[in-house]
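Visitor: Let me begin by handing over the structure; questions about it come next.
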Amino acid sequence: MRRTWFFVFCLLFLCTSGLGQSTATESQGMQALVAEVRQLRKDLQTSNGYSLKAQILLSRLQFQEAAVARASEHLNDARGRLADTQRRRTEVAAWLKRLEESLDNSETSPADRKQAQLAIPGGKIQLENLTAEEPQRQTAEIDAEGQLRTEQAKLNDLEERVDRLEKALDNPH
């Protein structure tokens, strides 16, 4: 019987020592798993941060592209209005010149002379108005060019930031 107790005691001792070793190994494995989960969580948070930043930048990029398009359209409109004013001024000046030449021409009928004399003052007023309008149109064009350059510079800055973010995502370390 003593042998049996001795045998049971030895068996329990061996099992307990083996159980202790198993627990230490399991504890180290568990610590490694916890460390890996923490690293994965950190990497996921970093990735989510980059994703959010990328979404914000792309959204801002779209808005800025729209702002550049609007500024470009505004510049084209300003250029068109300036060109129209210059064209109308040239046409009115040529029309006035023809009217004045018709007054000097001896072959012009008295009725045509009278009509030219009546039309010339109105034409001169129209020419003065167009001449005064032209610098305003030029100023509007210059302002529109400046606004387009400003919006384009903002767009270029955002594009550079997107490029830097893309490089950071390609080389995370």
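Every number here is computed from the coordinates shown, using simple stated rules; none is lab data. Fair warning: this is a prediction, and the values are worked out from it, not measured in the lab. Cβ placement follows ideal geometry from the backbone for every residue including glycine, while neighbour counts extend to all protein chains displayed.
Visitor: So for Leu52, Leu169, fewest C-beta neighbours within 10 Å to most, what's the order?
Guide: Working: Leu52 10, Leu169 13.
Exposure proxy ranking, most exposed first: Leu52, Leu169.
Visitor: Here are a few candidate values for Cα extents along the principal axes in Å: (1) 156, 23, 19; (2) 44, 38, 29; (3) 38, 36, 32. Which one was actually calculated from the structure I just gave you?
Guide: (1)
Visitor: Set Lys and Arg Cβ to +1 and Asp and Glu Cβ to -1, take the dipole of the range 44-173 about its Cα centre, and tell me which of Gln55, Pro135, Leu118 lies farthest positive.
Guide: Farthest towards the positive pole: Gln55.
Visitor: Using unit Cβ charges (K, R positive; D, E negative) and no other charged atoms, how large, in debye to the nearest 20, is the dipole of the range 47-170 about its Cα centre? The partial results should precede the final answer.
Guide: On the way: 19 positive and 23 negative charges, 44 e Å.
Computed about the Cα centre, the dipole is about 220 debye.
Visitor: Express in whole angstrom the spacing between the alpha-carbon centres of the range 77-136 and the range 49-71.
Guide: 50 Å
Visitor: Which order results if Thr150, Thr23 are arranged by neighbouring Cβ count within 10 Å, fewest first? Intermediate results must be reported in sequence, preceding the final value.
Guide: Values: Thr150 13, Thr23 10.
Listed from fewest to most nearby Cβ atoms, that is Thr23, Thr150.
Visitor: Follow-up. If one takes the longest principal axis of the Cα atoms in the chain, at what angle in degrees, from 0 to 90 and to the nearest 10, does the Cα axis of helix 2-104 lie?
Guide: 0 degrees
Visitor: GNM, the chain, Cα, under 10 Å: largest mean-square fluctuation among Gln31, Gln152, Gln138?
Guide: Highest fluctuation among the options: Gln31.
Visitor: Counting other beta carbons within 10 Å of each residue's own, what order do Val92, Val34 fall into, fewest first? Before the final figure, lay out each step's value.
Guide: Numbers: Val92 19, Val34 10.
Fewest-to-most ranking of Val92, Val34: Val34, Val92.
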